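The structure appears right after this line, and notes come after that.
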Amino acid sequence: MARLRTGIDALDRELEGGLPGGSLVAYTAPAASQSELLLQELTAARDTLYMTTERTEDAVEDAFERARCPTGDPEVRYVAGDAPLENARRLFRSLAGENNLIVDPVDPLERVDETRYRNFLNELRNHMFNTGGVAVLHCLSGDHASSVRPTTEHMADVVLSLDVVVNGNDVETRLAVPKFRGGVALQETIKLELGDRVRVDTSRDIA
């Protein structure tokens, strides 16, 4: 499969061109972070179906309108909580071609029966492989993370892990890529600046 750009040039260089087409990506990040910026910029690279599981469609669309980073014009759909896996499945089956699928966040889907959830991930992975697109599951990290989060990370082809550390007056954000099935996992983290958009900090750390 061809590599699909994330829309963030420095990150694409680190990933040797981007994310593999047909892959399932788990993107873990603290809820109190600017992690959505990466999702927003990803929509600038290609057509995107943005499935929101907690915020309303209007709230997500408003966030895109106010965004100061490059974005596309994603189709935003709310995944109702009464039957989240069935509703999400119906939506992703409509995708064709090298599109993005973003699930933000995936946590409500993880709370369903584990066997059903695993079957859902298998179906999603197969669909993305057949269409050549990329599915990104936004996974909120921390103590409240679902007990089946290891299943999500195991099933994923690529794991992106965002870590935020507050040290005095400084906020340091680093992105790790500990898993890259079919590729090369990064041996070092990428220091990011997440203000109004995603920037890679190319300055050298001073010991």
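The values are calculated or read from the model by the stated rules, or taken from the named source; none is laboratory data. On a predicted model such as this, the values are computed, not experimentally measured, just so you know. As a convention, Cβ positions derive from the backbone with ideal geometry for all residues, glycine included, and neighbour counts pool all protein chains shown. Just so you know, the surface numbers come from the protein's heavy atoms only, side chains and all, with ligands and any DNA or RNA stripped out. Shrake-Rupley method; radii C 1.70, N 1.55, O 1.52, S 1.80 Å.
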Solvent exposure of the stretch 81-207 as accessible area per residue, Å², 1.4 Å probe: 53 Å²
Dipole of the chain (Lys/Arg Cβ +1, Asp/Glu Cβ -1, origin at the Cα centre): which of Phe64, Leu160, Leu37 lies farthest to the positive side? Leu160
Modelling each spin label as a point 7 Å along the Cα-to-Cβ direction, I'd like the Ala63/Asn167 distance in nm, to one decimal. 2.8 nm
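What translational D, rounded to a whole number of µm²/s, comes out for the chain from Stokes-Einstein when the hydrodynamic radius is the Kirkwood one over Cα pairs, at 4 °C and 1.567 mPa s?
In µm²/s, the coefficient rounds to 75.
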So, in nm, how far is label Arg3 from label Glu75 when the simple model puts each one 7 Å beyond its Cα toward the Cβ? 2.9 nm
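Which FRET efficiency value, to the nearest 0.05, do you get for Asp143 and Thr202 by plugging their Cβ-Cβ distance into 1/(1 + (r/R0)^6) with R0 = 35 Å? It would help to have the intermediate numbers written out before the result.
Details: r = 33 Å, r/R0 = 0.95.
Efficiency for this residue pair is about 0.60.
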Which residues in the stretch 1-25 have a backbone N closer than 11 Å to a point placed 7 Å from the Cα of Arg181 along the Cα-to-Cβ line? 23-25
Could you work out the helix-only [θ] at 222 nm for the chain, with each DSSP H run of four or more residues adding -39,500 (n - 2.57) and the total divided by the number of residues, to the nearest 500 deg cm²/dmol? -8000 deg cm²/dmol
Hey, any idea what % of the stretch 8-59's accessible area is carbon plus sulfur with a 1.4 Å probe? 43 percent
Where nothing but the Cβ of Lys and Arg (+1) and of Asp and Glu (-1) is charged, how large is the charge dipole of the chain around its Cα centre, in debye to the nearest 20? 620 debye
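Can you tell me the relative contact order of the stretch 80-207? Whole percent, Cα pairs under 8 Å, sequence separation 6 or more.
Numbers: 147 pairs, mean separation 22.0, N = 128.
Computed value for the stretch 80-207: 17 percent relative contact order.
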Given the whole protein assembly as supplied and a 1.4 Å probe, what does the accessible area of Ser161 come to in Å², nearest 10? 40 Å²
Could you work out how far the C-alpha centroid of the stretch 40-54 sits from that of the stretch 137-151, in angstrom? 20 Å
Does anyone have the angle between helix 114-131 and the longest principal axis of the chain? Alpha-carbon axes, 0 to 90°, nearest 10? 80 degrees
Between the helical axis of 57-66 and the dominant principal axis of the chain, each derived from Cα atoms, what acute angle in degrees is found, rounded to the nearest 10? 30 degrees
For the chain, whose charge dipole is built from +1 on Lys and Arg Cβ atoms and -1 on Asp and Glu Cβ atoms, the candidate among Pro74, Leu19, Leu137 with its Cα farthest towards the positive end is Leu19
